[in-house]
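Okay, structure first, notes after.
The values are calculated or read from the model by the stated rules, or taken from the named source; none is laboratory data. For clarity, every value in this text was computed on a predicted model and none was experimentally measured. We place every Cβ from the backbone using ideal geometry, glycine too, and count neighbours over all the protein chains shown. Areas reflect the complete protein model, heavy atoms only, side chains present, ligands, DNA and RNA absent. Shrake-Rupley method; radii C 1.70, N 1.55, O 1.52, S 1.80 Å.
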Amino acid sequence: MIHVKSTVKLPFLWGKEVFKKENWSQINLIVGPNGSGKSLLAESLVPFFKKAGYSVAYLQANRELSNIQNNSWVKNENIRNRIANVLSGMIGKEISFEKGFNGRIVPFVVNEKQKVEYSLHKGKIHGLKEIINLLATLYDDKNTCLFLDEPELHLYPQLQQFFMNEIRKVAKQNPKKIFFIITHSPFFIDLRFPEELVGVVVTHVNKTPTHIENLSDEDEQLFKRFLPRFNTYHKQFFFSDNQVFVEGYTDQQMFTNLLNGIKNPMAVVRTGIIDVGGKDELGVFCKVCSLLGTDGRIITDLDSLFGGKVRDIMCQDKRIADWLDSVYQQELPFYLSIFSTKEFNRIIDTVCLSDLIEKLQQLIAAIGKYVCKIDYSVSKAFDIFVEKLQKLYEKYENADTLDVTQAVLIQGILKEYDMLQNILPLPLARTLPLIKHLYFLILEAAEKARVYILSKGCIEHYYTQNHVQFMPVSGKDKLFHAELEHLSHLKTNKLRTEYAELIDILERALY
């Protein structure tokens, strides 16, 4: 870790807020949406590194490609040879540097196969010109601190990856050299080790940049497992303040199409729906966003409330804790009605989200044990609820502790609320309104951490072309394609009407 204390004030971007950072990685990233001040922040950091004794080179985004032969590095034969060797092997064409009639060094490209030679100065080969500029700056040993603004310009993805690998090689060869990459490209978000997250600075529109100053041992272990699975698609969230994470591709496709139905069309431009491949992965993204201050949103299935990383992260979130403190006096009569005297004495003056979820689990488990023993027909809908529970209790030894069982119980209690009031013993029936209030209190608390629970279960329970009841859902792929086919042909007004609940969740997440 590199220590350079930096304090930046940019009132026209952040008002009275001040950006402060002392700990840096060897390779640092400045990322964020357009207009959030990435380049201005980078330029403001230069004096601090000069003062710390670094020789700073700043390659600006508006660099002029046509004048590469005027750069001072062309006088260094070692740099020229290194560039020629690297590029010749990579692009399958010979790169050479020759003196022109005026004595200046001019890059030439030789295509042996086609027997063609042409001057890079005259040709419109922007990608090659750009990579020569970048490599020349990178290989110059005089630069001990290098700022690269938008190195992705004119480079196709594989060339971006190649240059990032060259940065890593030079960094390894020169441990005292430090790099800053100001970028819009996910191909430069090349995070391989947890400690490299300390070098990420995220800029925001009308808000001071955010970053991680130090990682705890627990976070370091979490990211060590996470980073190898962190792909280019996931990295979109670094470039927008409006990224929404969902579990799988069906959720991603549904919500992406439903963006057309939200009231503020401008929000669509700043929004991306990213699927991460499972609810536990959602928990890690939630943690990353929390640490980096990116305010990421998560839309997840109901079972995430009862187990897994999403629940763990929510229970540690200060925003939820602060909100629960703010409504404590208002909810105090309710808390007294659900907690025993012994329980309440333990949590007096403060109630945590974990306390509320555990109490909800206790209350619904008692109903589950009663309902699964019902051996007579009540109604077609209620019988499906009983049958689903009985199968879970038969299949699993401790079924009432499973997140999917608890999700089915909540679904059944909300769907069959009136019926349950009539058939449950009075002590259990009296808990129904308590369960309902507690459940929606928990959902409201979760939203303070920008976690939006699909209260009806999962995305399939909001479909209009197929009626799906209870979790888990089978044949998801077939159901999804039928729904997507229908959804994609709807006009905006019809879309808003048919999928009002899902669009409401999206709008709450985005505003």
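Taken one residue at a time, the phi angles of region 369-374 give Karplus couplings (6.51, -1.76, 1.60, θ = phi - 60°) of 5, 6, 5, 5, 9, 5 Hz. Gly and Pro are set to x.
I want the local charge near THR294. Using Cβ-Cβ distances under 12 Å, sum +1 for each Lys or Arg and -1 for each Asp or Glu among the other residues. Every neighbour counted, the sum reads +3.
The alpha carbon centroids of region 256-295 and region 375-409 are separated by 33 Å. On a per residue basis, the chain carries 47 Å² of accessible surface, using protein heavy atoms and a 1.4 Å probe.
If you bin all the Cα-Cα distances of region 148-204 at 10 Å, starting from zero, the percentages per bin are 20, 57, 22, 1.
Each of CYS286, CYS352 has its accessible area taken with a 1.4 Å probe; listed largest first, they run CYS352, CYS286. HIS437 contributes an accessible area of around 80 Å² to the protein surface, as traced by a 1.4 Å probe with all chains present. Computed with the Debye formula from one identical point scatterer per Cα of the chain, without solvent, the log10 of I(q)/I(0) at q = 0.10, 0.11 Å⁻¹ comes to -0.89, -1.01. Hull volume per residue, based on the alpha-carbon atoms of region 447-511 and their convex hull, is 95 Å³.
When the pairs LYS388/LYS476; LYS50/LYS176; LYS172/LYS309; LYS16/LYS176; LYS38/LYS177 are compared against a 25 Å limit on Cα-Cα distance, LYS172/LYS309; LYS16/LYS176 fall above it. Listed by chain and number, the aspartates and glutamates placed with their C-alpha closer than 16 angstrom to that of LYS51 are GLU22, GLU43; residues fewer than eight positions away on the same chain are left out. For the cross-link pairs LYS279/LYS391; LYS224/LYS279; LYS279/LYS448, the ones whose C-alpha atoms lie over 21 Å apart are LYS279/LYS391. Rounded to the nearest 20, the Cβ-based charge dipole of the chain about its Cα centre (Lys and Arg +1, Asp and Glu -1) stands at 1860 debye.
Other residues within the sphere of radius under 11 Å centred on the Cβ of PHE180, judged by their own Cβ, net out at -1 (K and R +1, D and E -1). Its alpha carbons give region 375-510 an Rg and a Dmax of 16.9, 50 Å. Couplings 3J(HN,Hα) for region 83-88, derived from phi with the Karplus relation 6.51 cos²θ - 1.76 cosθ + 1.60 (θ = phi - 60°), are 4, 4, 5, 5, 6, 4 Hz, where x marks Gly and Pro. Working note: Karplus 6.51/-1.76/1.60 with θ = phi - 60° gives region 270-285 the couplings 9, 10, x, 9, 10, 8, 10, x, x, 5, 5, 5, 4, x, 5, 4 Hz, where Gly and Pro are set to x.
When you restrict to C-alpha pairs under 8 Å that are six or more residues apart and normalise by the size of the chain, the relative contact order lands at 14 percent.
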